[in-house]
Amino acid sequence: MRHVISVLIENEAGALSRVSGLFSARGYNIESLTVAPTEDVSLSRMTIISTGSDDIIEQITKQLNKLIEVVKVVDLSEAAHVERELMLIKVRATGKDREELKRVADIFRGRIIDVTDSTYVIELTGNTSKLDSFVGAIDASLILETVRTGVCGIGRGDRILRL
Amino acid sequence: MLLTGAEIVVRCLAEEKVEYVFGYPGGAVLYLYDELFKQDAVRHVLVRHEQAALHAADAYSRSTDRVGVALVTSGPGVTNAITGIATAYMDSIPMVIISGQVPTAAIGQDAFQECDTVGITRPCVKHNFLVKDAKDIASTIKKAFYIAKTGRPGPVLVDIPKDITIAKAEYEYPKSVTMRSYNPIIKGHQGQIKKAVQLLLDAKRPMIYAGGGVILSDCSEQLTKLVRTLGAPCTNTLMGLGAYPATDKQFVGMLGMHGNYEANMAMQYCDVLIAVGARFDDRVIGNPADFARIARKIIHIDIDPSSISKRVKVDVPIVGNLPDVLDDILRLLDGSADRPDQEALGEWWKQIEEWRRRDCLKYKQSDEIIKPQFVIEKLWEVTKGDAFVTSDVGQHQMWAAQYYKFDKPRRWLNSGGLGTMGVGIPYGIGVQLAHPGSPVAVVTGEGSVQMNIQELSTCKQYRIPLKICSLNNRYLGMVRQWQEIIHGNRYSESYMDSLPDFPKLAEAYGHIGMRIEKPGDVEGALREAFKRKNDLVFLDFQVDQTENVYPMVMGGKGLTDMILSSEDL
């Protein structure tokens, strides 16, 4: 099962390596990990996408809670939540492909944020499967490079993760 | 008050009432050593290898309820210390390690004696810090002690660059610590505790399984009361020996891979099991699937939530500080109108006595050759069961655990989790300094003892009168045993040729050495050694080369699938 785990952690040097070290030391799986400071700059928030049985996910949350700098851990996927990921994708855009790429980007509500004679950079946000679909929808030979942020997630409605 | 970083460090240690710092000087810690030199509140013990400093500080802590402190220099000082840190981490021993670091400006420049200490130690410490400003030293050391001894204890490392020890800062030692990200749970969940009490009162075949957590949280008294109130059998893990008195009739012995037959059987066939500060590890319950084969209700009390339901599914988890939770359980038991079912208990004990009659620790005595088990039995007799015993790792460790009947907590010190050979002598140093005048025996073998033999020199310098009982069988015995049983007697690299003359070696270090070759001389030698209260005596017992540790549960097998003697092979 795929889980979305949110972690509030002290924004200190080395905090990220404590988390990533924990995952590698105990053989847990990380699909993606994003981290940035929150509105309170003394805290960082991570979103970790991991897969594992219920027992493993339970251990992951317990082990994360054991890290001294971790303030709170929530498994967002236990209830309704929203996930988003940002992708920047650079494509070869020449001739008739220019129009076609623009059209596909529009369908996916992507935006072209950089244009040259021969390339576009398209910005796209959505959940992981939407980004995957976009990549699948355009001619693979046109893709020059892609970069994705990994998933960040937040609970819906009254579910709030803060101090 | 404006002080240098080095002064602040030493002041902080004094403030924490640190009696001994175990360490080894070097370039990055010169200013710290200079401050140690100028005062006499904190005493320093100079070891011969940093690993031993860590083990000695670890043992100081294991045998008391205090935090052990070690001091090492940067680079190789730290890497040498790693085994000692990992050993303490695996057994949840509260320690603070101060390490020197190259000057802040040199960090990351591949400077002389630089290593990424925070990175290298991260997986084997409870927490670590790199101090980047002299004004943070006091609060960091305060936090380090607090984190080390609260919650599930463990080693905490504070890495201090050399320039920070020279820089000046205002000094004030914080009175208390509050950390929003670290708040260990103390009280157990009352609903769960009620459920546990009812299960225990309704049990037909209750069993109490106590581990190192009982020792670390100093609640042997409550545990003993619980065992007596319930009238149930009690087993201790290797780390828990001494938590419940071994000479008591309700004690069924250690359990696990080399556990007593009756302990393992009772673990398997009980209907309600209460685990107190123990973690169902692989050496204790064998194959978890086989353990789960028989239905039983499991209550698990532990301060670390991640220890619960890690290897074995638990019915009633209770997260909390053991003494607090046990107090709550005892109060509810006292207040309850229900009593344990005496008739069912009678049947259960009849079954246990039947298992006990297998006499699983019996061995064939000999007039010709010393049996290693016999040495431990005599050691117990001669010391009246009241010595501090440290051990190394291997067959001798198991024999000490099986045959020395520990009645008190914090008397038995060994590396249970990491299984570190070479801890014996340094552990002895830490224990003896914490308990001057008490008899301290080091049970070791000719393999393990050579892994930190240089510490005989430390023992001389600080007049540490250990009684080192080496069960010398000229083999790495536990390896040899597995090779005999699993690898068709192919003794690959487990025989040691060219052993030193140990008694002479002890003499070279300024101690007394004895070689004992006949069973009839064992007791006399031990008596003679313990009579020499101020001398370190190295007793080189020439023991049976082919003796094995039984009972034995092979790796991956079920707990009751025991080999009781060589005839079962």
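The values are calculated or read from the model by the stated rules, or taken from the named source; none is laboratory data. Quick caveat, the model's predicted, so the values are computed rather than measured. Cβ atoms come from the backbone with ideal geometry, glycine included; neighbour counts cover every protein chain shown. The accessibility values were calculated without ligands, DNA or RNA, using every heavy atom of the protein model including side chains. Shrake-Rupley method; radii C 1.70, N 1.55, O 1.52, S 1.80 Å.
Below is a table of values for the structure above.
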quantity: Members of region B:130-153 found to be under 25 Å from the mean Cα position of the chain (by Cα), facing chain A (nearest Cβ under 10 Å) and without any contact (Cβ under 8 Å) to a residue 60 or more places away in the chain, listed by number; calculated: B:LYS143, B:ILE147
quantity: Failed criterion for B:SER61 (all others in (1) within 14 Å of another protein chain (Cβ to nearest Cβ); (2) of a type in the set (Ser, Thr, Tyr); (3) more than 29 Å from A:PHE23 (Cα to Cα) hold); calculated: (1)
quantity: Among residues of region B:463-487, those that are open to solvent by less than 50 Å² (accessible area, probe 1.4 Å) and either assigned to a strand (DSSP E or B) or not charged (D, E, K, R) (or both), counted; calculated: 17
quantity: Qualifying residue in region A:85-102 (condition: within 14 Å of chain B (Cβ to nearest Cβ), open to solvent by less than 60 Å² (accessible area, probe 1.4 Å), closer than 23 Å to A:GLU31 by Cβ and not charged (D, E, K, R)); calculated: no
quantity: Meets criteria (within 14 Å of chain A (Cβ to nearest Cβ), in contact with a Pro (Cβ under 6 Å, 6 or more places away or on another chain) and in a loop (DSSP other than H, G, I, E, B)) for B:ARG311; calculated: yes
quantity: Subset tally (residues that are touching a strand residue (DSSP E or B) at 6+ places or on another chain (Cβ under 7 Å) and open to solvent by less than 30 Å² (accessible area, probe 1.4 Å)) for region A:62-72; calculated: 5
quantity: Yes/no for B:VAL156 being within 11 Å of chain A (Cβ to nearest Cβ) and in contact (Cβ under 8 Å) with a residue 60 or more places away in the chain; calculated: yes
quantity: Where B:ASP304 falls short, out of the listed (1) within 14 Å of chain A (Cβ to nearest Cβ); (2) at pLDDT 95 or above; (3) open to solvent by 40 Å² or more (accessible area, probe 1.4 Å); calculated: (3)
quantity: Any pair with Cβ under 6 angstrom, 6 or more apart, that starts in region B:4-27 at a residue that is over 20 Å from B:VAL131 (Cα atoms) and ends at one that is modelled with pLDDT of 95 or more and open to solvent by 20 Å² or more (accessible area, probe 1.4 Å); calculated: B:TYR20/B:ARG43; B:TYR20/B:LEU433
quantity: Failed condition for B:GLY416, given (1) open to solvent by less than 10 Å² (accessible area, probe 1.4 Å); (2) closer than 23 Å to B:SER92 by Cα; calculated: (1)
quantity: Residues of region A:16-59 satisfying the condition of being crowded, with 18+ Cβ neighbours inside 10 Å, within 12 Å of another protein chain (Cβ to nearest Cβ) and either in contact (Cβ under 8 Å) with a residue 60 or more places away in the chain or of a type in the set (Ser, Thr, Tyr) (or both); calculated: A:LEU43, A:SER44
quantity: Among the residues listed as B:VAL177, B:VAL197, B:VAL227, B:VAL214, the single one being open to solvent by less than 40 Å² (accessible area, probe 1.4 Å) and within 14 Å of chain A (Cβ to nearest Cβ); calculated: B:VAL177
